[in-house]
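Participant: Sharing a structure here in structure tokens format.
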Amino acid sequence: MTYAFRYMLLIAAALPAGAQPKFDRAVQSFQDTWRQAFAGARQSFPLPRLVAYRGKHTGRCGSMGANAAFCPADNTIYYDQIFFEEVRREVAARTRTDGDYAPIAILGHELGHAVAHHLQPGATLHQRLSYRVNGTKHEAMADCLSGAATGTASRQGILDNTDYTEALAVLDLAGSPFVLEPTLRDQIAKHAGDHPTSGNRVESFRKGYTQGPAACGDLVRRIAQ
Ligand SMILES: [Zn+2]
């Protein structure tokens with residue numbers, strides 16, 4: 001089964017009907033962006049699998065609730081569809097948009113973790129798993145890479161004119177735990193535990209968006225010539 005086909009099955013029903021085509025196109029664009037960047041540096045990028053779940057999931061990296069995460073142990077991005085829909089709704093309310101880019105920006109961030117992971121072939125699994133060691137640096141890089149991939153998708157005409165605002169809003173949301181209703185706040189705090197503050201997150205994303213992946217750190221510069 002081709003990757004694309006398997007992927008389509010996995011994310012079916014992830015979002016309301018209207019948002020799904022953009023989600024699919026954007027993720028495809030992100031994957032192409034990184035595959036081509038690695039290929040340009042004569043490296044291969046093993047595309048992470050995407051696995052959607054609803055509410056709860058237990059895999060190689062432990063159990064997950066309302067969250068999205070890249071698991072290096074099985075090169076898979078797991079994400080909760082219910083969480084994505086709640087984040088979309090929250091961003092929609094805050095920005096008076098449809099919010100459909102909010103989950104895509106999160107997925108772009110997790111894909112950024114995958115990119116960083118595959119650029120460190122010498123690291124042990126333990127080093128790769130312990131995001132806390134270099135937590136903030138890794139997170140800033142993932143935000144920057146999400147911004148860079150978003151910039152490319154934007155030039156490809158995949159985005160509409162509120163999507164950039166929606167991406168910044170979701171980063172702002174993830175970095176600021178004080179103004180949300182309690183359940184969503186807890187959910188986002190779980191993901192944001194090791195993440196920088198909202199201002200820094202927005203800044204990292206913006207840097208990648210405007211300057212491309214070469215601005216996202218020494219590690220990435222190798223594939224961003
Ligand atoms: Zn992260």
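Participant: Quick check on packing: order 199-211, 86-98, 45-57, 142-154 by the mean number of other C-beta atoms within 10 Å, highest mean leading.
Facilitator: Packing proxy ranking, top to bottom: 142-154, 199-211, 86-98, 45-57.
Participant: For residue 156 and residue 54, calculate 0.36 nm times their separation in residues minus their Cα-Cα distance, and state this gained length in nm to one decimal.
Facilitator: Between residue 156 and residue 54, full extension yields an extra 33.6 nm.
Participant: Right, here's the next one. Kindly report the accessible area of the stretch 52-117 per residue (heavy atoms of protein chains, probe 1.4 Å, no ligands, DNA or RNA), in Å².
Facilitator: Per-residue value: 34 Å².
Participant: Give a residue-ordered list of calculated ³J(HN,Hα) values for the stretch 145-157 (Karplus: 6.51 cos²θ - 1.76 cosθ + 1.60, θ = phi - 60°; whole Hz; x for Gly, Pro).
Facilitator: 5, 5, x, 5, 5, 5, x, 5, 4, 5, 5, 7, x
The values are calculated or read from the model by the stated rules, or taken from the named source; none is laboratory data. The model shown is predicted, which means the values in this text are computed figures rather than measured ones. Positions of Cβ are generated from backbone atoms using ideal geometry, with glycine treated the same way; all protein chains shown enter the neighbour counts. Each accessible area value is taken on the protein alone, full model and side chains, heavy atoms only, with ligands, DNA and RNA left out. Shrake-Rupley method; radii C 1.70, N 1.55, O 1.52, S 1.80 Å.
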